[in-house]
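Note sheet for the following structure.
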Protein chains: 2
Amino acid sequence: MAHDDTLRIISLGGIGHIGKNMTALEQNGEILIIDCGIMFPDEEQPGIDVILPDMTYIYENYERVLGVLLTHGHEDHIGALPYLLERMPLKVWGTRLTLGLVQAKFEEFDIEEGSEFTEIEQHEQLEIGSFKIEPIRVNHSIPDAVGFAIETNQGILLHSGDFKIDQTPTEGLPTDIHAFARYGAGEVIALMVDVTNATEPGYSGSERVVEESLRRIIEEAPGRVILTTFASNIGRMQSAVDASVDMGRKVAIIGRSMEQNVRVASKLDRFEIPDGVRVDVREIDDIPDRRLTILITGSQGEPLSALSRIARGSHRDISVHKQDTVIMSASAIPGNEALIWKTINGLARQGAHVLHGEGEVHVSGHAKSEEIKLLMNLSRPRYAIPFHGEYRHLLGFSDIAQDLGMREEDVFILEPGGVVEFTDGRARRAESVPGGSLNVDGLGVGDVGDVVLDDRRNLAQQGIVLPVVAVRRDSCEMVAEPEIYSRGFVYVQESEELLESIRQEAKQTALDLQNRGIDDPEQLYEQLRSRIGGYVERLTGRRPLILPVIIPVDGNCSTEK
Amino acid sequence: MAHDDTLRIISLGGIGHIGKNMTALEQNGEILIIDCGIMFPDEEQPGIDVILPDMTYIYENYERVLGVLLTHGHEDHIGALPYLLERMPLKVWGTRLTLGLVQAKFEEFDIEEGSEFTEIEQHEQLEIGSFKIEPIRVNHSIPDAVGFAIETNQGILLHSGDFKIDQTPTEGLPTDIHAFARYGAGEVIALMVDVTNATEPGYSGSERVVEESLRRIIEEAPGRVILTTFASNIGRMQSAVDASVDMGRKVAIIGRSMEQNVRVASKLDRFEIPDGVRVDVREIDDIPDRRLTILITGSQGEPLSALSRIARGSHRDISVHKQDTVIMSASAIPGNEALIWKTINGLARQGAHVLHGEGEVHVSGHAKSEEIKLLMNLSRPRYAIPFHGEYRHLLGFSDIAQDLGMREEDVFILEPGGVVEFTDGRARRAESVPGGSLNVDGLGVGDVGDVVLDDRRNLAQQGIVLPVVAVRRDSCEMVAEPEIYSRGFVYVQESEELLESIRQEAKQTALDLQNRGIDDPEQLYEQLRSRIGGYVERLTGRRPLILPVIIPVDGNCSTEK
């Protein structure tokens, strides 16, 4: 537990982009959580749905937890909240849209009674336990995003939230640079800062530029406009809707997550589509191409998304028309590039004109290096804690901080579970808390680990071959011909000869043991595994997983046909 | 068969980058093949090693095939040659390094006797059947690359090969723009042109720039320099070696493909490393860090490569030293981005300074749009056939060609198997030939198709569950308790309860059939599959592959323990 005059900042969760998902502040025996988000699996984690931060430290100190303060409504900041609240009720503070998106998730989860949700607004002065908090408006790729100024027993801690500094945003006002300046004029013990784009030079570009491009593109488009963006990018969708309305276009919205976010945002006055404009997917063929805009999910080329299906020509309701203009209004999350190009190629091949890429039809929601420098210079923190970056971004930020005159050792890069402790205005690394992550697969949390994932990767590479042998329990003597099952190995109907020869090898393996008088099923299992494995590799050059199935039988029986 | 006064250009192979792997020219009943390369699998083709062009058309017309003319020694242009020559001997023409790399492959393959290899040089006048051919020097990311001027019965056909136009290359002379100009001054019926970078503005940048950067970086590096590039980028490696020698550094070369290419190129005077400079990996710890450069494979973040192992801290011989400079002297092939970032993050986390990206430490080997325009204006072809591009690049080229005054219909985008036919100086699309592709997995060619790949993808997602039931053959009556095997589903040791309940469900399924008097094993199989599948999904939210194993037994026996 922290001493009364100590502040601890604890980073939880975060593979890939470190420290973005969940942070805990601790002072006077109280714990305040900032954000509670999920991570997404990469190509080495097949079948995993989402990944949760390891919340052991929270569970173990539940009685000291004040609640959860949210910066904005993206999944990597709110997605793990239902898993936490399922286990223990807590107070939750967030802005209007953020809470709306949180509550929409509860339709999918059984949440314990007892959690309390409090809407917060910028400029408000919150008191949560011994923390005094002012939410600060920031620009990001979702409305109602905030950072925080938090008065702690070690002074003011600033938290940027996920931010950019857009001087001409399309919804609301610019990031509240006055607030950061006001706190920076005093003493700021530390700034926690979003460094996603720390290695990108210059500024992120204004949403206004995209709005104007979209308007021009939609105006000039000779046929339908099909626009995809992140389903949470409400502002981007609003720009497309506004331009479409002005051009006399109807708008269809396709894709579960987009439809849900539009529903939530509309209810909370964060999205507006005039009466009579929105049409159902079943009506779109009745509308002239030049009078239709389609907002659709699939900006990352996700194979199951509506846009990918259209690109493959396998969507039930929508196919490409010759003069379609497709706008990919998003950039690639690393790892998705090939899928996105595949989508673009498929659409182009069918005759669509595809626009994509940062600059014209997309700007990032995260500050680039000049914006980060501006925030640093406004805030003038004694220490800096970068978050939301891969290791290379965190190092890139460290270089920036040093360019601004900060010492390298005053930048704290916190790996998952990492703790920085402030005492008497001085920061130092403290002992880590559990900080790994838990895989969620279906309804299971944490039951799919490295062993299972190794098996999945191996299965994917070469499939599985199962020699099935029924033997007498007492003697390990075969009571029948072995059988060979396989999946993902060869096309069974065209490989009968190969499978038959593997069957013979399995039979010979069992006979050899029998002849040597060995009656131990474990030895038979091991022999089958290694001999069939070797045999298959010699014959095919492949190494499928070999899983012998041995059925011990009693009595006087046989499985001969 | 083509008429005497007809020329046919046939595109074979090419998923992703269309038309680069293999082309056939046909006139006067003769077929001349240009290149014979492999493709590489994407994330939807797990376990596939390489992909071959469908060569059915070549096999069926073998007696008319004159041979194979090679542009350069990259795998996507020569990699399928052993598979072709394994089946039928042919004449092969290529430049010195290209043939050297081809012949190095034969150590891995059994090639039929009877193939003949002829070394060609720029400016040479070749006569192959009724084709007259002049190889034209082009710059590319491997030495000894050429394009061709081919005199056909329809006039001059120009083929760019994989090219860029480097005014200051580091090895040899610039692309022979005079040759293209000379042919362009006359009549050129068509230009086949590499459009990999057609959507990139400007010029590709000179290898000289990279050479100078590498020299500066190697000079200033405070510790070891670890450089990775494509194993075939002999010129890049030469630049690194030259600079290292001048700074008094020893050089180690690590990675099978790099070692092999260096061996081949050295023997053919295309690579030089002075005596006493090269050191073995086992010696590197005896050399001061500032006196060592390591050339290493892994520029695409390949998980099994030497560099990835170092990044993960799992390489047997090499770990990161604090002042290491790592140079990623390559750009990402789409789909590899996440792996490359993972490598960079791993190296940076251990304290290495990592340089990467196009411009300073890498330039592309393929012409960008201004170079393509230059080649088009030099060549002045009547028709253009773009190759080596995804669909978006082919369309990008079409836009370029139209900017240069060409008509859209004079650009022929050939999908695999596509044919363009020239008669009386006019081109038109003709009926396609078989043009798909064949998956190579281990020693098998073409035996892993969609069904097997579907299974592999499904296995990777959720694993496999096998209910194993032994039943009396005549009655389908269970003779023992069922057993449940699984792989890639759950961690077995921690899921005993779950697996036991699945076992009970399997037992109940069999009992239910028994009670209904059903004695058909097929029905038992189907029932187990659907009921266990549904049960597992309800319990876990997962949908593993369910593969029931039913062992029919005769006689009076049981498998009870």
(Q) Of everything in segment A:319-347, what is in contact with a Pro (Cβ under 6 Å, 6 or more places away or on another chain) and assigned to a helix (DSSP H, G or I)? Give them in sequence order. (A) A:GLU337, A:ALA338, A:TRP341
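Given the criteria outside the structural domain of A:GLU421 (by TED's automatic domain parsing) and of a type in the set (Ser, Thr, Tyr), does A:SER314 qualify? I'd like the intermediate steps shown before the answer.
Working: outside the structural domain of A:GLU421 (by TED's automatic domain parsing): yes; of a type in the set (Ser, Thr, Tyr): yes.
Against the criterion (outside the structural domain of A:GLU421 (by TED's automatic domain parsing) and of a type in the set (Ser, Thr, Tyr)), A:SER314 qualifies.
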Q: Would you mind telling me which numbered condition in (1) surrounded by fewer than 19 Cβ atoms within 10 Å (Cβ to Cβ); (2) closer than 21 Å to B:GLY346 by Cα A:ASP424 fails?
A: (2)
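State whether one or more residues within segment B:348-356 are in a helix (DSSP H, G or I) and not assigned by TED's automatic domain parsing to the domain that holds B:ASN197. Show your work before the answer.
Here is the first cut: in segment B:348-356, the ones in a helix (DSSP H, G or I) are B:348-349.
Cutting the leftovers down to not assigned by TED's automatic domain parsing to the domain that holds B:ASN197 gives us B:348-349.
Looking through segment B:348-356, at least one residue is in a helix (DSSP H, G or I) and not assigned by TED's automatic domain parsing to the domain that holds B:ASN197.
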Q: Kindly indicate whether any position in segment B:380-389 is surrounded by fewer than 18 Cβ atoms within 10 Å (Cβ to Cβ), assigned to a strand (DSSP E or B), away from chain A (no Cβ under 14 Å) and at pLDDT 95 or above.
A: yes
Q. Which residues, taken from segment A:340-364, are more than 9 Å from every other protein chain (Cβ to nearest Cβ), closer than 11 Å to A:ALA330 by Cα and among the β-branched types (Val, Ile, Thr)?
A. A:VAL361, A:VAL363
Q | Residue match in segment A:336-350 (condition: without any contact (Cβ under 8 Å) to a residue 60 or more places away in the chain, polar (S, T, N, Q) and within 30 Å of B:GLY351 (Cβ to Cβ)) | A | yes
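Every residue in segment A:315-335 that is more than 26 Å from the chain's Cα centre (by Cα) and not β-branched (Val, Ile, Thr), please.
Our first condition is that a residue be more than 26 Å from the chain's Cα centre (by Cα); within segment A:315-335, this holds for A:316-325.
Answer for segment A:315-335, where residues must be more than 26 Å from the chain's Cα centre (by Cα) and not β-branched (Val, Ile, Thr): A:ARG316, A:ASP317, A:SER319, A:HIS321, A:LYS322, A:GLN323, A:ASP324.
Kindly indicate whether any position in segment B:310-318 is within 11 Å of chain A (Cβ to nearest Cβ) and in a loop (DSSP other than H, G, I, E, B). Can you show your working first?
Taking segment B:310-318 as the starting set, the residues that turn out to be within 11 Å of chain A (Cβ to nearest Cβ) are B:311.
Subset that is in a loop (DSSP other than H, G, I, E, B): none.
Looking through segment B:310-318, none of the residues is within 11 Å of chain A (Cβ to nearest Cβ) and in a loop (DSSP other than H, G, I, E, B).
Could you run through segment A:286-316 and say how many residues are without any contact (Cβ under 8 Å) to a residue 12 or more places away in the chain and of a type outside the set (Gly, Ala, Ser)? Reasoning before the result, please.
Residues of segment A:286-316 without any contact (Cβ under 8 Å) to a residue 12 or more places away in the chain: A:286, A:288, A:304, A:309, A:314-316.
Those still in the list that are of a type outside the set (Gly, Ala, Ser) too: A:286, A:288, A:304, A:309, A:315-316.
Adding up the residues that qualify gives 6.
Within segment A:215-250, work out how many residues are in a strand (DSSP E or B), surrounded by 23 or more Cβ atoms within 10 Å (Cβ to Cβ) and over 19 Å from the mean Cα position of the chain (by Cα). Break it down into steps so the answer makes sense when it comes.
Keep residues of segment A:215-250 that are in a strand (DSSP E or B), which gives A:225-228, A:250.
Applying the additional criterion that residues be surrounded by 23 or more Cβ atoms within 10 Å (Cβ to Cβ) yields A:225-228.
If we keep only those that are over 19 Å from the mean Cα position of the chain (by Cα) as well, we get A:225-227.
Residues meeting the conditions: 3.
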Q | segment B:464-493: number of residues that are farther than 13 Å from B:ALA506 by Cα and among the aliphatic types (A, V, I, L, M) | A | 4
Q.
For segment A:478-504: of the residues being touching an Asp or Glu at 6+ places or on another chain (Cβ under 8 Å) and not hydrophobic (A, V, I, L, M, F, W, C), which is nearest to A:ILE551 (Cα to Cα)?
A. A:GLU481
Q) Do you know which residues across segment A:257-282 are modelled with pLDDT under 95 and closer than 20 Å to A:THR325 by Cβ? A) A:VAL281
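Within segment B:492-531, take every residue that is within 10 Å of chain A (Cβ to nearest Cβ) and surrounded by 14 or more Cβ atoms within 10 Å (Cβ to Cβ) and give me the one that is nearest to B:LEU459 (Cα to Cα). Spell out how you get there, then give the answer.
Restricting attention to segment B:492-531, the residues satisfying the condition of being within 10 Å of chain A (Cβ to nearest Cβ) are B:492-495, B:498.
Still in the running and surrounded by 14 or more Cβ atoms within 10 Å (Cβ to Cβ): B:492, B:495, B:498.
On the way: B:VAL492: 17, B:SER495: 19, B:LEU498: 19 Å.
Per the stated criteria, the residue is B:VAL492.
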Q.
Looking at B:GLU415, B:GLU421, can you tell me which residue is in a strand (DSSP E or B), among the acidic types (Asp, Glu) and touching a residue at least 60 places away in the same chain (Cβ under 8 Å)?
A. B:GLU421
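Could we say that A:PRO548 is at the interface with chain B (Cβ under 10 Å from one of its Cβ atoms) and modelled with pLDDT of 90 or more here?
Details: at the interface with chain B (Cβ under 10 Å from one of its Cβ atoms): yes; modelled with pLDDT of 90 or more: yes.
Taking the combined requirement at face value, the residue satisfies it.
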Q.
Whether any residue in segment A:352-364 is out of contact with any Leu (no Cβ under 8 Å at 6 or more places or on another chain), of a type outside the set (A, V, I, L, M), touching a residue at least 60 places away in the same chain (Cβ under 8 Å) and closer than 18 Å to A:HIS159 by Cα is what I want to check.
A. no
(Q) Considering only residues that are more than 18 Å from B:ASP441 (Cα to Cα) and either at pLDDT 90 or above or of a type outside the set (Gly, Ala, Ser) (or both), which ones fall in segment A:478-501? (A) A:MET478, A:VAL479, A:GLU481, A:PRO482, A:GLU483, A:ILE484, A:TYR485, A:GLU500, A:SER501
Q. So which residues in segment B:532-545 are surrounded by fewer than 20 Cβ atoms within 10 Å (Cβ to Cβ) and within 12 Å of chain A (Cβ to nearest Cβ), if there are any at all?
A. B:GLU537, B:ARG538, B:LEU539, B:GLY541, B:ARG543
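The values are calculated or read from the model by the stated rules, or taken from the named source; none is laboratory data. No experiment lies behind these values; they were computed from the predicted model shown. Neighbour counts run over all protein chains shown; Cβ positions are idealised from the backbone, glycine included.
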